[in-house]
Amino acid sequence: MDAATASRLRAFESWMREHGVVCSDALRLDASEAGGVYVRALAALREGDVVATIPRRACLTPRTTGAAAAIKDAQLGGTLALAVAVMYERARGAESPWYDYLRLIPDCEPVPLVWPEDEAERLLAGTELDKTVKQDRGFLCEDWKECIEPLIASGELGVNPDDLSLEKYFAAKSLLSSRSFRIDKFHGSGMVPLADLFNHKTDGEHVHFTKSDASDSDEEEDGDDQSNTDSDEEEGSNDQSNVHLVEEEDDDDRSNASADEPSTVENSTANPSGEGYNDEDLEMIIVREANPGDEVYNTYGTMGNAALLHRYGFTELDNPYDIVNIDLTLVTKWCLSKYSHRYAKARISLWHKLGYSGCTSEDAEYFEISYDGEPQLDLLILLYIVFLEPEVYDKLVCEAEDLIGDDEQDDEQDTIDSFAKVVKVTRPAKNGVEKLPDVKKLLHSESIGSALASIADIRESLYGSSTLKDDEEKLRTCSRVSERNLYHSLVLRVSERKILGRLRKHASSWSKIKKRKHT
């Protein structure tokens, strides 16, 4: 650890003592060769041990910041308000109550949002983040122009306008994406000193972030508290390509910023009150034993590399939560290569009419391919309908109204039950299509397998002319420290392309099964 980092760590430890943040003697704050701060165990940690307590008043939130009045006057809420709070406290320098905390964390996290725009476009081409990062930039530019530019013009914050620039806004949003926690209804999301120094490990965390539920019972739908994210942005799912770093929409919307006057660290003797206020300390509790010398990990949730890179700026090799999305537009493109536009449109329309759909985002519909290469069931059913003989298709069209249920297909069993009705019309002699293995047996046909292989080829063409072997070789020789952006983009590309390879392997095996049956 260099002298400058050691000095910042000592200053932060003094800051914690001054503001009531308690860190167990069994923990040590340390720094990696790359300069990142992490937490490791000095003694054995046992399940149930409380290793840190953090007063809510020590957290940096839209309620505790010195910019609280300006945020209230501007009627800002959610992560937009928190971004202003972070930019403002950074602009105050040594005058900020959070100075020694903000000096310890980076100016920004290395998420694709803050990569040079041309580099992000080049490295992420074809990946799940290709469109998402471009959309993020557009949305955040709109946020800044509509909400922060007027705040700068008002002069109410009394800081240099450059400290609230678009670049500084992007940097602040990268920190919130990677480091903020949902605290409670009163504070909303905030920066929680010490808690955000625990790194992530998929399915290997030692510690969880907890809070009293006394006044937060209405927040149980917000998701996993130990994930240092804004849970509203994550929407409680593993959707990797449609999580945007934009203004969160929740109960703490813009109107909430007009509630009771906030307290601040420098005025912590004030007694704030209001709906959702709770002054109990936040805690970090051991949920898995750790040995002396071990790094102590938190978890940011179960998510694949696209989500990890998007929100936190890193990836994990062989991440079992990786997926690949295939847009309906790509499936349509394949269909148009085989059939007329009228044919393709009619088959897809019937599929929709029968109640099937892919996953949806703001402007796209897509299908998920799981880590092991298993395609989403709705995609297989779409291809089944595409391949129906004309007379069978016409029969299904005539009886479609009778097959449409009153309820949406909320889970896999609903989809199976619905497809069983389709099979009764299209293959009346076929019985027993009531369980997933039976459905797969019917859908794993040679024609559907061939179609999937072609669709996988179209999806992989988005990565450009390089092959998977090329990317693996680049990854092998790439430095994760000095070529960080390249390294993590390659991990993402390689993981996605391997999934497409598993999809092809699945699809090709179906034709082999048919051939074995015929021999």
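Take the alpha carbon gyration tensor of region 382-511, find the square roots of its eigenvalues, order them as a ≥ b ≥ c, and report rounded if a/c is under 1.5; if not, report prolate when a/b exceeds b/c, else oblate. Please list the in-between numbers first.
Details: a/c = 3.14, a/b = 2.53, b/c = 1.24.
It comes out prolate by the Cα gyration axes.
Can you list which of the GluC sites (Glu not before Pro) found in region 277-306 are DSSP loop residues with at most 15 other C-beta atoms within 10 Å?
Values: sites: GLU280, GLU283, GLU289, GLU295; in loops: GLU280, GLU289.
Within region 277-306, the qualifying GluC sites (Glu not before Pro) (loop, at most 15 other Cβ atoms within 10 Å) are GLU280, GLU289.
What nm distance separates the two modelled labels at GLU121 and ILE404, each placed 7 Å from Cα along Cα→Cβ?
Using points 7 Å along Cα→Cβ, the separation is 4.3 nm.
Can you pull the one-decimal nm distance between simple spin-label points at GLU446 and LYS345, each 7 Å off the Cα toward Cβ?
Taking the simple label geometry, GLU446 and LYS345 are separated by 3.3 nm.
Considering only protein heavy atoms and a probe of 1.4 Å, how much of the accessible area of region 117-204 is carbon and sulfur, as a whole percent? Display every interim value, and only then the final one.
Values: 1570 of 3270 Å².
So the carbon and sulfur contribution to the accessible surface is 48 percent.
So for region 339-398, averaging the separation of alpha carbon pairs under 8 Å that are six or more residues apart and normalising by length, what relative contact order in percent results?
Working: 34 pairs, mean separation 17.9, N = 60.
Computed value for region 339-398: 30 percent relative contact order.
If amide hydrogens are placed 1.01 Å from N in the peptide plane, which non-local residues have theirs closer than 5 Å to the one on VAL296?
Residues meeting the criterion, in which the H sits 1.01 Å from N, are VAL39, ARG40, ALA41.
Decide, for region 128-194, between rounded, prolate and oblate: order the square roots of the alpha carbon gyration tensor eigenvalues as a ≥ b ≥ c, take rounded if a/c falls under 1.5, and otherwise choose prolate if a/b is larger than b/c, else oblate.
Oblate shape, in that a/c is at least 1.5 and b/c is the bigger or equal ratio.
Gap in Å between the Cα centre of region 79-123 and the Cα centre of region 1-68?
18 Å
Give the relative contact order (percent, whole number) for region 161-209; include only Cα pairs under 8 Å separated by 6+ residues. Present the calculation step by step, with values, prior to reporting the outcome.
On the way: 21 pairs, mean separation 10.5, N = 49.
It comes to 21 percent, rounded to a whole number.
Could you sort the peptides 73-84, 413-424, 309-320 by per-residue average Cβ neighbour count (10 Å cutoff), highest mean leading?
Working: 73-84: 24.2, 413-424: 17.7, 309-320: 19.9.
Most protected by this proxy first, the peptides run 73-84, 309-320, 413-424.
For ARG10, put the label point 7 Å out on the Cα→Cβ axis and report which residues of region 83-107 keep their amide N under 19 Å from it.
Correct set: 99-105.
Using a simple spin-label model with points 7 Å from Cα along the Cα→Cβ vector, what separation in nm is obtained for LYS395 and GLU167?
Computed distance between label sites LYS395 and GLU167 equals 6.8 nm.
Keeping every protein chain present and rolling a 1.4 Å probe, give me the accessible area per residue for region 323-375 in Å². Let's see the in-between values first.
Details: 2520 Å² over 53 residues.
It amounts to 47 Å² per residue over region 323-375.
Counting heavy atoms of the protein chains only and a 1.4 Å probe, report the per residue accessible area for region 440-518 as a whole number of Å².
Values: 4070 Å² over 79 residues.
Heavy-atom accessible area per residue stands at 51 Å².
Rounded if a/c is under 1.5, else prolate if a/b beats b/c, else oblate: with a ≥ b ≥ c from the C-alpha gyration tensor eigenvalues square-rooted, which is region 1-53? Could you put the intermediate results ahead of the total?
Working: a/c = 3.01, a/b = 1.35, b/c = 2.23.
In terms of gyration-tensor shape, oblate.
Using alpha carbon centroids, what distance separates region 343-366 and region 454-476, in Å?
27 Å
If contacts are Cα pairs under 8 angstrom and at least 6 residues apart, what is the relative contact order of region 1-83 in percent? Write out the running numbers ahead of the final one.
Working: 64 pairs, mean separation 20.4, N = 83.
Once divided by the residue count of region 1-83, the mean separation gives 25 percent.
Quantify, in whole percent, the carbon and sulfur part of the accessible surface of region 417-473 (1.4 Å probe; protein heavy atoms only). Show your work: numbers first, answer last.
Details: 1470 of 2940 Å².
About 50 percent, which is the carbon plus sulfur part of the accessible surface.
The values are calculated or read from the model by the stated rules, or taken from the named source; none is laboratory data. This is a predicted model, so every value here is computed, not measured. Reconstructed Cβ throughout: ideal geometry from the backbone, glycine too, with neighbour counts over all protein chains shown. These accessible areas exclude ligands, DNA and RNA; they are computed on the full protein's heavy atoms, side chains included. Shrake-Rupley method; radii C 1.70, N 1.55, O 1.52, S 1.80 Å.
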